[in-house]
Every structure is written in C-alpha cells, then in structure tokens.
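Below is one structure, written out as structure tokens; comments come after it.
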Amino acid sequence: MATLGETMNSPAQALRSIIVTGASSGIGAHCARALKAEGWRVFATARKPEDIAALEADGIEAFYLDYSQAASIEALVASVLDRTGGRLDALFNNGAYAQPGAVEDLPVAALKQQFEANFFGWHDLTRRLVPVMRRQGHGRIVHCSSILGLAPVRFRGAYSASKHALEGLMLCLHQELRGSGIHVSLIEPGPVTSKIASNALPWFLENIDHENSVHRLDYEAQLARLRAGGSQSALKPGPEVVHAALRHALLSRRPRPHYVVTVPAKIGAALKRILPASLLYRFLAKRA
C-alpha cells in the first residue's frame with residue numbers, strides 16, 4: 001500500500017474521480033464503497049436495477065453498464081463526463097464473469113460472449129477515456145485481471161484466454177502511455193471471496209453439454225463446487241486485499257504494472273518463473 005511519504009506532493013494526490021465497473025457484488029462493490037469512504041467521487045456500474053439502487057443508497061453515483069453493449073459503454077462515458085465537466089482521474093475495470101468448461105466442450109459462441117464481456121468491452125471503455133486523460137495530463141487505469149491470466153488451469157480456458165488477452169493488450173498500452181502522465185496497472189488476484197463461482201453456474205449449464213462430455217466425472221465435482229459458491233477455505237481473503245492493491249495503483253507515485261494478490265497467486269507466479277514448463281503445467285493440472 002502506498003505510504004503517506006509516497007503520495008505527498010504527487011500528481012496522484014489530486015486524483016478524486018473514478019469509474020468502478022462490476023460493482024454489484026464482490027470486489028467491485030467493496031472497492032466502490034471503500035473509495036467513496038476515502039473521499040473519492042465514485043461512478044459505479046452494475047446491470048441489475050436493484051444493485052444500482054443499493055449503490056445509490058450508499059451515496060454512490062451508479063449507472064447501468066453491460067460490456068457487451070457498445071451503446072451502454074458510450075452512454076456511461078457521456079453521462080460521467082457530463083457530470084465531471086469532461087474530466088476523469090481514474091478507471092477501475094473490474095466487471096467480468098467466468099465461463100467454465102473444457103476447451104473441447106466450449107462452443108465458439110460462448111467463447112465470443114466471454115471475450116465481449118471480459119475483453120472487448122474493457123478495451124472499448126478504456127480507449128474512450130484515454131483521450132480525456134491525455135488532455136488533462138494525468139490518469140490511472142487499473143484492470144482487475146487474474147492469476148489465471150498468467151498461469152492457466154484446466155476447465156478455465158475461456159476465462160484464462162480473456163485474461164491472457166487483457167494482459168497482452170494493456171501491457172502494450174502501459175508502454176505506449178509512458179511520459180503521458182497516465183499509468184496502467186494490472187491486479188492479478190488468486191481466489192478471493194466473491195460471487196464469481198456462483199455466477200458462473202448458469203453459463204456452464206447453458207453452454208456446456210456436461211452430461212455427454214468425456215469430462216463428465218470431472219464436471220460433477222466442478223458442479224458441486226459451483227453450486228456451493230466456489231472452493232471453501234478459511235484462508236481465502238476478502239475483496240479488501242484487492243482494494244489495498246488498487247489504492248496503491250491509484251495513489252503511488254510509482255504504481256506497479258503488476259499486483260499479484262493472495263498467497264496462491266504469488267505461489268503460482270513464482271512457480272511459473274522457476275519451474276520447467278512441463279513440471280509447471282503438470283502441477284497446474286491438479287489445481288482444477
């Protein structure tokens with residue numbers, strides 16, 4: 001986390017307005033409310049009217065956003081900039097979902113849906129805001145990626161692919177914005193308490209023919225975990241660990257390109273650096 005010494009007399013100290021997407025629950029909901037409590041003007045997004053109403057009840061300016069709908073992205077940007085007089089200090093791209101399933105069972109249409117929500121929509125929103133930040137001479141763009149964008153595991157091909165693509169695209173943007181006053185960071189969490197597993201269940205049932213798959217027995221165990229809300233562990237941290245990384249990325253004079261968050265994620269990143277590829281993927285294959 002950024003210390004007082006790191007943020008004093010820094011251009012980042014003036015950052016006060018931020019868009020936080022995917023704020024209906026989990027990481028986005030926690031970060032939107034925590035940033036609001038810290039003095040930020042938060043523009044949060046969700047899809048369901050009841051989630052938007054809950055954000056507004058906490059004093060957060062809330063908007064509808066569906067990353068797969070370009071019109072909703074355009075409307076969000078127009079509404080926010082109208083309220084801020086054409087300025088925005090930060091963007092936290094967070095809204096996403098996970099499409100489970102083995103690669104051989106994954107319909108092309110389902111993979112396209114995953115990329116529309118997790119990749120193309122993020123790109124659309126980001127590139128609409130980069131010119132705004134260029135004009136004002138500063139900005140922070142933070143993407144909530146995943147450790148699976150660095151170290152994939154089986155049955156997570158669609159989600160991992162979307163995060164791999166995000167890593168590549170936004171690290172290029174990170175380099176292209178050098179000297180502009182705009183900084184790009186990626187947060188790569190491991191398992192964090194959220195609704196991503198339970199939210200994945202309908203996508204699995206809709207798109208994967210699990211009963212006729214060669215992976216049927218593995219899927220039965222996966223279904224049990226999804227129906228239970230994901231893996232259960234007393235060691236799984238809450239979304240506050242992502243907020244701590246986000247706060248550093250927003251306020252530090254030297255934000256990092258990567259923030260690997262949670263112990264399992266740090267172990268996975270370390271093993272990728274030190275293990276031969278054959279051993280690494282054998283190890284990861286046991287983690288699904």
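The values are calculated or read from the model by the stated rules, or taken from the named source; none is laboratory data. Quick caveat: nothing in here was measured; it's all calculated off a predicted structure. Don't worry about glycine lacking a Cβ; one is built from the backbone with ideal geometry, like all the others, and counts go over all protein chains shown. What goes into the accessible areas is simple: the full protein's heavy atoms, side chains included, and nothing from ligands, DNA or RNA. Shrake-Rupley method; radii C 1.70, N 1.55, O 1.52, S 1.80 Å.
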Using only Cα atoms and rounding to the nearest 10 degrees, what angle (0 to 90) does helix 196-207 make with the longest principal axis of the chain? 60 degrees
Taking a probe of 1.4 Å and leaving out DNA, RNA and ligands, the chain shows per residue an accessible area in Å² of 47 Å²
What size of dipole, in debye to the nearest 20, comes out for the chain about its Cα centre when the only charges are +1 on Lys and Arg C-beta atoms and -1 on Asp and Glu C-beta atoms? 1040 debye
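Run lengths n ≥ 4 of DSSP H only: what is the helix-derived mean residue ellipticity at 222 nm for the chain, with -39500 (n - 2.57) per run over all residues, to the nearest 500?
Values: 12 runs with 141 residues, N = 288.
Calculated at 222 nm, the ellipticity per residue is -15000 deg cm²/dmol.
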Taking 0.36 nm per residue of sequence separation and subtracting the Cα-Cα distance, how much length would be gained by fully extending the chain between Glu50 and Leu217, in nm to one decimal? 56.4 nm
Express the C-alpha Rg of segment 46-85 as a ratio against the empirical globular expectation 2.2 N^0.38 Å, rounded to two decimals. 1.19
Over the chain, what percent of the accessible surface lies on carbon and sulfur atoms, probe 1.4 Å? 55 percent
Segment 86-175 shape via C-alpha gyration tensor axes, a/c threshold 1.5: prolate
How far is it, in nm, from the label point at Arg154 to the one at Gln136 when both lie 7 Å from their Cα along the line to the Cβ? 4.8 nm
Going 7 Å from the Cα of Ala70 toward and past its Cβ, which residues in segment 129-144 have a backbone nitrogen under 20 Å from where you end up? 129-132
Let me understand segment 87-137 better: what is its radius of gyration from the alpha carbons, and its Dmax, in angstrom? 15.0, 47
Roughly what angle does helix 216-227 make with the longest principal axis of the chain, taking Cα atoms, 0 to 90 degrees, to the nearest 10? 40 degrees
What does a probe at Ala78 reach in segment 126-144, counting residues whose amide N is under 20 Å from the point 7 Å along Cα→Cβ? 126-133
Long-range HN-HN contacts of Val260 with modeled amide H, under 5 Å: Glu188
With 24 Å as the limit, write out which pairs from Lys112/Lys286; Lys48/Lys266; Lys112/Lys266; Lys36/Lys163; Lys163/Lys286 have Cα-Cα distances beyond it, or answer none. Lys112/Lys286; Lys48/Lys266; Lys112/Lys266; Lys36/Lys163
